[in-house]
Every structure is written in C-alpha cells, then in structure tokens.
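S.K.: Got a structure for you, questions after.
Read-outs: derived from the displayed coordinates by stated rules, not from any lab. Everything quoted here is computed from the prediction, not taken from an experiment. Because the Cβ atoms are built from the backbone with ideal geometry, glycine has one as well, and the counts that use them run over all protein chains shown.
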Amino acid sequence: MGNEVAIIETRATQLAEKIEVLVTEARQKVASAANTAQVYTYYEIGRYIIEDEQGGKVRAEYGKGVLKRVSKRLTERLGKGWSEENLRLMRKFYTLYSHVQSPINKIQTSGLEIQSNKIPTNGLEISKSTDSDNQWSLKQRFTLPWSHYLILTHVKDSAARSFYEIEAFKQQWSKRQLQRQIGSGLYERLALSRDKGEVMRLATEGQVVEKPSDIIKDPVVLEFIGLKSDASYSESDLEGAIISRLQDFLLEMGKGFLFEARQKRFTFEERHFYVDLVLYNRLLQCYVLVDLKMDDLTHQDLGQMQMYVNYYDRFVKEDFEKPTIGILLCERKNDALVELTLPKDVNIYAQQYALCLPDKALLQQKLREWIAEFKEKEDEV
C-alpha cells in the first residue's frame, strides 16, 4: 500500500511539473504577443496622427487642439493611457521608425529565422503601409517592449539608436539596464575604440565579439560600485566594491563574460602570485585576467601582466581554448608607454576606469572629430 502511494505521489509530481512548464511557456508567449501587438498598435496610432496632420495641412496650434480632443475621447471610452503626452510619443515613435528598416536583418527567435522584409508577430504576418510618396514598403520587425522603445526615442543619433535596439534584443536587457547603457555612453565608448569600418558595423550588427580587441572600451565606467573619485580608497576597496556589484560589472565588461575567481593564487618557482580578478569569455573561449591599478600605470605593471598571461597560456588553458587576455584597469594610463613596453599583437590592454558616468556630449564630440579626421586621411590617399 505504501509503495502504491509513493508511486502515485511521484507520478502526480511529474505531471504537475510538466503542466507548470507548459503554462509558464504559454504565459510567456502571450506576454510576448501582447508586447508586440502594443508596439504595432502605437506605431499605427502615430501614423494616423501624422496622416491626419498632413491631410488637413494643419497649423501646429490646430494640431494640438485635435490631439487634446482625441485624448479626451479616448480616455472616456478606453480608460487611462491616452494623454496628449502619450499620443505625442506615439507620433514621435512613428516619425523615428517609419523611414528606416529594422537594424536586425536576421534574428533567431523561437526557432524561426526572421527576415527584415517580414513582420512576424507570433504566427501573424502584418503588411505595413507605405509612406505618402510610396518610396518605402515598411515591413519592420519590432523586437522590444514598448517601454524600451520609449527610452530609445530619446536617443537622437540614429546609429546609436540602432545599436542599442540590437543589443537590448540580443542581450535581453531590462529597462533599467538599457537606460544605464545609454547613460554610460556605451555606443560612443565602443566606437572610439574601433576603426571606421567597425563603427559602421556597430550600427548594423551591434557589438560583434570575434577577437580580443572587440571587448575593449575606454573608459570602463564603474559608477555603480558607489566609490567617489575624490575620496580615498585602496585597490582592495575597489576590488571589494566590484565584487559586491559583480553582475553590473560583468554587464559593463561586455558580452560573454563569466566570473571565475578573485585573488587567484598561482605558484611559480616557490613564489606566490595573485591575480585580482579571473574572468572567462565564452564567446572568445579564453581566460581574461584583470588587474586593478590605483596609481599611474608603469612598465612594471605591464611586465607583470605579461607574466600572468604567459603562465595561464602555458599551464592553465586547455588546447582548445584561445590565448589568454590581460586587462589592466587603471585610473590613469600613458598610451605611449603601453605601446613602447608591449610587443605588437599581444593580448594585453590597458583601460582607464571612471567612477562616474562620462559626459555624453563630450564623447559624442570626440567621436565626430575622430570620424572627420578619418575621412580627411581617406581623402588624402
């Protein structure tokens, strides 16, 4: 009798678990379909508003009066969510996205390969209307929730907006993570660490990690750890603060990073050495050693990291893994010193860190100057 009860209990547990998985997946699909439907609905509302303005050739003040009355009627009939401000945001959303193709040409989602000339919405293919001069056939695939697109509408640069849309989808960033990455100037920091061709690629493919230099950005922004740049702190304090916000640190480091150890000890010729942080990048399939430096970077620091990297390459990494990468996170660095000290094509990088969010306007100005300088050099050739 007791054995039968145990069998029944086991079967009931297994059946309940299968049903729970099925219901959870169904709820996720419903939520995804609802998000998609919401985005397309707001896009179409924006189109209606624009077409009404163009059709009536309305003055700005007259248009405001129309939206005010539309807002009032929709609120009376449909409830909350139809304020004038929201309607203007839908109008802006349509304006920004009506004349551009989706930056994601091929996306793997739910086992389905999506082409940019189709709009899959959980089994439904919706044909988009053309604009007034029939120059475009808009068949755009929106991949994010409405809350994310609201954030993206505040990104003025179209290339940066495209980059953040791609990365938010690929990395499944939350709303807070997307806001933080935009606020930290991630696009500009990555762009300034690349050549012109790779900058263009950021806007069309997002951050592609194929080689060690692809994970480099300057500076590395650590505002989330809570240390003040004008306060007194040690390398140990910096390391501890990073560990306490490890998830945020890995997000800032970039794609594919996993944490392995802190103060990792290895022994060579009866001497003990300690690596501050040992990470692993699953996309590059290699170890990434991180050393934290408070003072000016010296050639001794670079030499020490070279030794750490050599040790891992010779005694730790497996044959199938790629060469180890070394990163020195420092408060200040001298590019000339780094270039003179290290051999060419070595996998060691010096990156400055910042304890506060950078001035985005300054980063954007630097990027414009850098692109202009690159174009001048191209013209001279």
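S.K.: In sequence order, what are the phi-derived ³J(HN,Hα) couplings for region 291-304 according to the Karplus relation 6.51 cos²θ - 1.76 cosθ + 1.60 with θ = phi - 60°, rounded to whole Hz, with x for glycine and proline?
M.R.: So the J values, rounded to whole Hz, are 10, 9, 10, 8, 8, 4, 5, 10, 5, 5, 4, 5, x, 4.
S.K.: Report ³J(HN,Hα) in whole Hz for each residue of region 336-345, in order, from the Karplus equation J = 6.51 cos²θ - 1.76 cosθ + 1.60 where θ = phi - 60°; Gly and Pro get x.
M.R.: Calculated HN-Hα couplings, in order: 5, 5, 4, 5, 6, 7, 8, x, 5, 6 Hz.
S.K.: Also: Let me spell out the model: positive unit charges on the Cβ of Lys and Arg, negative unit charges on the Cβ of Asp and Glu, origin at the Cα centre of region 220-357. What dipole size does that give, in debye rounded to 20?
M.R.: Dipole magnitude for region 220-357 comes out near 300 debye.
S.K.: Each label point is 7 Å from the Cα along the Cα-to-Cβ direction; what then is the distance between the points at Lys175 and Arg69, in nm?
M.R.: 3.3
S.K.: For region 245-257, in order, what is each residue's ³J(HN,Hα) by Karplus, 6.51 cos²θ - 1.76 cosθ + 1.60 with θ = phi - 60°, in whole Hz (x at glycine and Pro)?
M.R.: Listing the rounded values in order: 10, 4, 4, 5, 5, 5, 4, 5, 5, x, 5, x, 7 Hz.
S.K.: Restrict the search to region 272-381; then list the chymotrypsin sites (Phe, Trp or Tyr not before Pro) that DSSP places in a loop and that have at most 15 other Cβ atoms within 10 Å of their Cβ.
M.R.: When the chymotrypsin sites (Phe, Trp or Tyr not before Pro) of region 272-381 are filtered for loop state and at most 15 Cβ neighbours within 10 Å, Phe320 remain.
S.K.: A further question follows. Loop-only check: which GluC sites (Glu not before Pro) in region 241-274 are DSSP coil with at most 12 other Cβ within 10 angstrom?
M.R.: In loop regions of region 241-274 (DSSP not H, G, I, E or B), the sparsely surrounded GluC sites (Glu not before Pro) are Glu269, Glu270.
S.K.: Follow-up question, since we're still on this one. Name the residues whose placed amide hydrogens come within less than 5 Å of the amide hydrogen of Gly326, ignoring near sequence neighbours (fewer than 5 apart) on the same chain.
M.R.: Close amide H contacts, sequence-distant or interchain: Leu289, Ile348, Tyr349.
S.K.: Tell me, how many Å apart are the Cα centres for region 1-45 and for region 231-287?
M.R.: Rounded to whole Å, the Cα centres lie 38 Å apart.
S.K.: Can you work out the FRET efficiency for the pair Asp313 and Ile371, with r the C-beta to C-beta distance and R0 = 45 Å, to the nearest 0.05?
M.R.: According to the calculation, E is roughly 0.80.
S.K.: Convert 20 °C to kelvin, take the viscosity as 1.002 mPa s, use the Kirkwood radius over C-alpha pairs of region 220-357 as Rh, and evaluate the Stokes-Einstein diffusion coefficient in µm²/s, rounded to a whole number.
M.R.: Approximately 138 µm²/s, per Stokes-Einstein.
S.K.: In addition: If amide H atoms are built 1.01 Å from N in the plane of the peptide, which residues on other chains or at least 5 residues away come under 5 Å of the amide H of Gly254?
M.R.: Close amide H contacts, sequence-distant or interchain: none at all.
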